[in-house]
Amino acid sequence: MILELEHIAKSFGKNKVLRDISFQLEAGTLTGIVGENGSGKSVLMEIIVGVRRAYQGTVKINGSIGYCPQKAMLFPHLTVGEHFNYFSVAYGIDSRQSKKRAEELLLHFNFKKYREEKIINLSGGTQQKLNLSIALLHEPSLLILDEPYNGFDWDTYQRFWEYTGHLKKRGCAILIVTHLLSEKERLDRMYELENGILL
Amino acid sequence: MTGNKIIISLSMILRMLVRQKIVIILLLIIPAFFFTIVEFTTSNRLLPFQLASLDDDVFINISEKGISFIFFAVASTGFLVSFLALNLIQKNNEINRRLVICGYHPIELLTSILLSLLLAILLIALYVGLLTHIFYPIDHPGRFILGLALIGFVYGSYGLVVGSLIKGELEGILIIVLLVNIDVGWLQNPLFYAEAQNQLIIKFLPAYFPSQTAIITAVTNYSATAAAMSGIVYGLVFLISSMLFFFFKMRTK
């Protein structure tokens, strides 16, 4: 088991956003969570990755984690290449492996020509490609993706799903927040988050 | 690995700072602008005054122009460093937290932020000190620059506290401006301070000891060690508070 959630509950004041959420993710599976805006999907993702504190329940993770937040979290005055360097050091990847991985991701998501560009000069879609690539850099065993394809063009969107297929085969457990019900056929399992409960 | 992480983080922070060209230009222009105003608006008449850190019978004889240059050097150093500190700790809060999720320890990030702030304090104090010396020859420029570094340390630490506690950029800037304006930009002016109705309040403000240190070192041969040590203690209280707030904000489950 890569991820195990038991009785997760979270409130903001009197507003109970999550009530008794429990589920498990196995290696090599792709699981989706859908829900209306404000239903608590992003809060659940943040609890899993450890950003949110003061919640009830337990989160057990077996392995390394990659997290792609909904909004691109990047340094505006650093270049794409510098982001790969900075996060490689954070993950503890050695320099040679880091260069190889960065090259693969730049090629796969077709943004190699922006390697030396600063983030403030990039389009939203290209920033999102980097936001996602950072989560994939260290080949994690658990991937948490919060609407990762916002701003992607059709080609990149297809490449994204192609890549998740490749990760699944490698044994990565993927949890993806989506608002597109049309993606249901791509998923092994799909939950709906409604009134703080997973259906 | 920790050392490597701190070095990489420090190098990235410095790159980000240097690439914000408008910030660099303002850092260079603001003190020069203050001094130009002083040059054109103050006279050379002598204004004897007493300093609270020195004995009652000690009068400092200095021109209005001279004390204004020294006072504005202290004010602009405190002002610039506190803004820079606020910017360093507040602006990339979210992305710093992502780095923590990815494997950085909050202490590694904080160390690199503090090292870059220390470098900025030394450079700003050196620049403002030398600029002051060009406009008005200081008796002991080396000691005076150290005095400016002290106000940079105290107000830089204050900027870190504000940046760690306040989420909004505008709110943070207003809180910085409020204290900088009242304290270092007004009440610590020795000419105002000497005649103030309630000097006790002024003595408890953060710029008190660094201002005393800077003035003593600039125009007297007296020792400023006691004032400087008190200033360091004041700055350390701010610094430790900011470190605790930052660590609390960055920690993950």
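The values are calculated or read from the model by the stated rules, or taken from the named source; none is laboratory data. In this text, all values refer to a predicted model and were calculated from it rather than measured experimentally. Cβ coordinates were reconstructed from backbone atoms using ideal geometry, including for glycine residues, and neighbour counts include every protein chain displayed.
Specify the residue that is surrounded by the fewest Cβ atoms within 10 Å (Cβ to Cβ); the eligible residues are those in region B:66-100 that are touching a Gly at 6+ places or on another chain (Cβ under 6 Å) and within 24 Å of A:Asn131 (Cβ to Cβ). By that ranking, first place goes to B:Gln90.
Checking the structure you have, find out if any residue of region B:155-169 is more than 20 Å from B:Phe79 (Cβ to Cβ), outside any helix (DSSP H, G or I) and either touching a residue at least 40 places away in the same chain (Cβ under 8 Å) or β-branched (Val, Ile, Thr) (or both). Checking region B:155-169: at least one residue is more than 20 Å from B:Phe79 (Cβ to Cβ), outside any helix (DSSP H, G or I) and either touching a residue at least 40 places away in the same chain (Cβ under 8 Å) or β-branched (Val, Ile, Thr) (or both). Do the conditions hold for B:Ile182, that is, is it at pLDDT 95 or above and within 15 Å of the chain's Cα centre (by Cα)? No; evaluated as a whole, the condition is false for this residue. So, in region A:58-96, of the ones that are surrounded by 21 or more Cβ atoms within 10 Å (Cβ to Cβ) and in contact with a Ser or Thr (Cβ under 7 Å, 6 or more places away or on another chain), which residue ends up farthest from the other protein chains (Cβ to nearest Cβ)? It comes out as A:Phe84. Is it the case that B:Ile13 is crowded, with 18+ Cβ neighbours inside 10 Å and either modelled with pLDDT of 95 or more or not in a helix (DSSP H, G or I) (or both)? Criteria met by B:Ile13.
Across region A:149-185, the qualifying residues are those that are touching a strand residue (DSSP E or B) at 6+ places or on another chain (Cβ under 7 Å) and at pLDDT below 90, and the one among them that is surrounded by the most Cβ atoms within 10 Å (Cβ to Cβ) is A:Thr178.
Can you tell me which residue in region B:121-135 is farthest from the other protein chains (Cβ to nearest Cβ), limited to those that are crowded, with 22+ Cβ neighbours inside 10 Å and in contact (Cβ under 8 Å) with a residue 60 or more places away in the chain? Ranking the candidates gives B:Thr132 first. Helices (runs of 4 or more DSSP H) fully within region B:30-145 that include at least 1 residues being closer than 22 Å to B:Ala207 by Cα and not aromatic (Phe, Trp, Tyr): B:64-90, B:106-135.
Just one of the numbered conditions (1) in contact with a strand residue (DSSP E or B) (Cβ under 9 Å, 6 or more places away or on another chain); (2) more than 14 Å from chain B (Cβ to nearest Cβ); (3) surrounded by fewer than 14 Cβ atoms within 10 Å (Cβ to Cβ); (4) basic (Lys, Arg) is not true of A:Arg19: (3).
Checked against (1) more than 24 Å from B:Leu51 (Cα to Cα); (2) in contact with a helix residue (DSSP H, G or I) (Cβ under 6 Å, 6 or more places away or on another chain), B:Phe135 passes all but a single condition, namely (1).
Would you check if B:Val38 is within 14 Å of chain A (Cβ to nearest Cβ) and surrounded by 13 or more Cβ atoms within 10 Å (Cβ to Cβ)? Judged against the criteria, B:Val38 is not a match. Scanning region A:97-139 for residues that are away from chain B (no Cβ under 14 Å), among the small types (Gly, Ala, Ser) and not in a loop (DSSP other than H, G, I, E, B) gives A:Ala102, A:Gly124, A:Gly125.
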